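As structure tokens, the structure follows; a few thoughts come after it.
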Ligand code: SF4
Ligand code: SF4
């Protein structure tokens, strides 16, 4: 394990950004967001970014292919995507776990090369939580906020940043910073972890239990009468899906510029009325069906197809952002017998 005084954190950022693009969470009027480090930015102390770090690997819009039309000839032009190495600094434990959930979708056959290239070029430097919010429930899904995964795992105290490499990529990056950091033992980090564990135990959602859900429970929940009441007020705004680090649905559209057609993909939401619309019409015609789809996917369908792993990481974003105060916790409580 290495450490560096927080006084020198900008030197650390400058050194990392001299080799590859570096993104850090910064405060903005709209809350914390990841921005490219340019020597002038200060790292945010916010618990988490408004939008998750999934944008780095699965951006909101992405050009996939261009068609140049000349008379009756169509030339297919693959966009040249220059994927450069980049470092995302300060990713929280829940969001690091979300990459595993996305990997199982985008890296399964057929592999999504856009996503794969970005994953291969990205280095994740995670940041342990010390002040979790009342909306956090990562522990429900076995995530330890005080011990995130990542290529390098960081713990920040009042005056020091501790860095521990967990992968080969992380070790290479950390070794390259040896002139700025010094070797240390794990005693301060261990003390912080113990303190955070005590705080986590006292969170309002600490006892939330997902065990009623999981693989092969479709028939148990699909026709539950509770969906009616749960979905009644849903506006179908899609906010919950757009802030969610694990939502992965997208649409593919063509856009004509006049002399060429651009085919791009963009995030979509299962909460939208035209989602899954096909030639014959839509398979989910009511908001109840669309609402049920979102939560069944996270709590039952994803685990069914992924060895029991849930499709939620308990980040709490949907709890904080839904305009009608509906969220996955309320669904779990109503359907799963949680208090
Ligand atoms: S469903 Fe809500 S709590 Fe779960 S990962 Fe998505 S935004 Fe976070
Ligand atoms: S659950 Fe809330 S955030 Fe999600 S679509 Fe419905 S109203 Fe919007």
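Every read-out reported here was derived from the displayed coordinates using simple, explicitly stated rules and does not represent laboratory data. Quick caveat, the model's predicted, so the values are computed rather than measured. In this analysis, Cβ positions are derived from the backbone assuming ideal geometry, glycine residues included, and neighbour counts consider all displayed protein chains.
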What number, in percent, do you get for the relative contact order of the chain if the mean sequence gap of Cα pairs under 8 Å and at least 6 apart is divided by its residue count? 21 percent
Express in whole angstrom the spacing between the alpha-carbon centres of segment 49-65 and segment 155-198. 28 Å
Average projection area in nm² (convex hull over Cα atoms of the chain, one quarter of hull surface): 20.1 nm²
In vacuum, with every alpha carbon of segment 292-339 counted as one equal point scatterer, what does the Debye formula give for log10 I(q)/I(0) at q = 0.19 Å⁻¹? Two decimals, please. -0.64
Segment 1-82: Cα Rg divided by the 2.2 N^0.38 Å rule of thumb: 1.63
Can you put 177, 299, 6 in order, fewest other beta carbons within 10 Å first? 6, 177, 299
Segment 218-336: radius of gyration over Cα atoms, expressed as a fraction of 2.2 N^0.38 Å: 1.16
Rounded to whole Å, sorted largest first: equivalent-ellipsoid semi-axes of segment 125-284, Cα gyration tensor: 41, 27, 13
I'd like the distance between the alpha-carbon centres of segment 1-32 and segment 252-326, rounded to an integer number of Å. 34 Å
Packing-ranked peptide list from 321-331, 136-146, highest mean Cβ count within 10 angstrom first, is 136-146, 321-331
Starting with the fewest neighbours, write out 83, 115, 23 ranked by other beta-carbon atoms found within 10 Å of each beta-carbon. 83, 115, 23
Tell me the volume per residue, in Å³, of the convex hull enclosing the alpha carbons of segment 2-201. 156 Å³
Value at 222 nm in deg cm²/dmol, rounded to 500, when DSSP H runs of n ≥ 4 in the chain each add -39,500 (n - 2.57): -8000 deg cm²/dmol
Please rank 67, 34, fewest neighbouring Cβ atoms within 10 Å first, as an exposure proxy. 67, 34
